[in-house]
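Taken together, the values in this text are just the output of simple stated rules run on the coordinates, not laboratory data. What you are looking at is a predicted structure, and each value in this text was computed from that prediction instead of being measured. All Cβ positions, even for glycine, are placed from backbone atoms using ideal geometry, and neighbour counts span all protein chains on display.
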Amino acid sequence: INAEYRSLILKNSLGLTVTEAENVYALAWTKHREFAAEAVKTIQQEKASIIKKTGILEFIPPSNKISDIGGASEFKKWGAIRKEAFSEEAKEFGVQSPKGVLLCGVSGGGKSASARALGNLWELPILRFNIGKVFGSYVGESEANMQTALRTSEAMSPCILWIDEIEKALSGIGNDSSGVTSRVFGELLTWMQEKEQDVFVLATGNNITNLPPELLRKGRFDEIFWFDLPDPNERKEIISIHLEKRGRTALDFDLDSVSLVTDGFVGAELEQVIVDGIALAFFEKSELLTEHLISAADQTIPLSTQRQNEISAMREWANQYARSASAPVTKKPQRRKVESTSRPARRLS
């Protein structure tokens, strides 16, 4: 076996029992008759199926690259620096392996995409942990499920344990008459503080103002990042990425104009502007033009307008407890309607 593929196969076998690994290898060999790139994909797929059977953890294959993320320059820089901390040289030097990070911010702001991209950057498997599925109806079942999830993640180390929408998972702590939620949460906190294996905990959340304070103290997470509404340059970067993904050249568009009319839009809304603009251009039998994107933006009421008070409260919280995922911007322009500067639409025959 090629040394590179041997390493990949071993890495993707972490967390499997001997029997599970033997079965997966046999299947890969039967399908491909060699242990190369396609065999590695088969092993990843089978491993994902095995982990999914737990009902609590889900294996997330690498997808987003860090270059697919628009903005968030401070978070990306932090990720690049911390990547080196997993090496043997770093450990010999005395560098402590990263423990975890909390990504918080407005819904649609790129937190989940950033979580996937971090796994790709660090070349680590991602296990998505649905804490809501931990809770069972029988005595002791919830605690046992939590222990199973944590042991599985340890068996796969080094890996990333991704807790998505953590604020929803822990929403019942204050009203927990039986004490089950508090015990499960306490077990998670203790494990996060004392774990010795390289399991990096990545939590994402939208409205995190009501998270328990004991979760946020240093020692649980290395850093807390706030993903705010993208600034003008970040909007242009995000728009460019989504245009290029769809086979367009970003330089063919007036990105400054599109950025101005999308003030207050999150990344998901900017992507939808591209999607709607392409649909409009196709309907008109035209090339995609700047005016199509501006028209799509004008039809959108951004989340920042709909939930202004909630976002303001989240910003106040972030100013006290979190670090900005983006480089600071000195001036934020006001949103205004921009007249189209595009050339006349060219009809397609």
note = Of the listed residues (ALA3, ALA37, ALA72), the one being loosely packed, with under 15 Cβ neighbours inside 10 Å, in contact (Cβ under 8 Å) with a residue 24 or more places away in the chain and either within 23 Å of ARG128 (Cα to Cα) or aliphatic (A, V, I, L, M) (or both) is ALA37
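Residue by residue, here is whether (1) of a type in the set (Phe, Trp, Tyr); (2) touching a helix residue (DSSP H, G or I) at 6+ places or on another chain (Cβ under 8 Å); (3) closer than 30 Å to GLN44 by Cα holds:
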| position | (1), (2), (3) |
| --- | --- |
| PHE135 | yes, yes, yes |
| SER157 | no, no, yes |
| TRP191 | yes, yes, yes |
| LYS195 | no, yes, yes |
| THR209 | no, yes, no |
query = List, please: which pairs have Cβ atoms under 7 Å, are six or more places apart or on different chains, and start with a residue in region 145-157 that is without any contact (Cβ under 8 Å) to a residue 60 or more places away in the chain and end with one that is of a type in the set (S, T, N, Q)?
reply = GLU154/GLN197
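Quick check on my filter: what residues within region 56-76 are over 18 Å from ILE160 (Cα atoms) and of a type outside the set (Val, Ile, Thr)?
Taking region 56-76 first, the residues over 18 Å from ILE160 (Cα atoms) are 67-74.
Matches in region 56-76: SER67, ASP68, GLY70, GLY71, ALA72, SER73, GLU74.
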ask   = With SER286, SER312, SER324, SER295 as the choices, which residue is under 28 Å from PHE75 (Cα atoms), among the polar types (S, T, N, Q) and surrounded by 15 or more Cβ atoms within 10 Å (Cβ to Cβ)?
value = SER324
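Quick check on region 86-115: of everything there that is in a helix (DSSP H, G or I) and aliphatic (A, V, I, L, M), which residue is surrounded by the fewest Cβ atoms within 10 Å (Cβ to Cβ)? Full working, then the answer.
Within region 86-115, the subset in a helix (DSSP H, G or I) is 86, 88-93, 111-115.
Then keep just the ones that are aliphatic (A, V, I, L, M); that gives 90, 113, 115.
On the way: ALA90: 15, ALA113: 19, ALA115: 22.
For region 86-115, the residue satisfying everything is ALA90.
In region 18-33, what residues are among the charged types (D, E, K, R) and surrounded by fewer than 13 Cβ atoms within 10 Å (Cβ to Cβ)? Explain how you work it out, then say what you get.
Step one: filter region 18-33 for residues among the charged types (D, E, K, R), giving 20, 22, 31, 33.
Correct list: GLU22, LYS31, ARG33.
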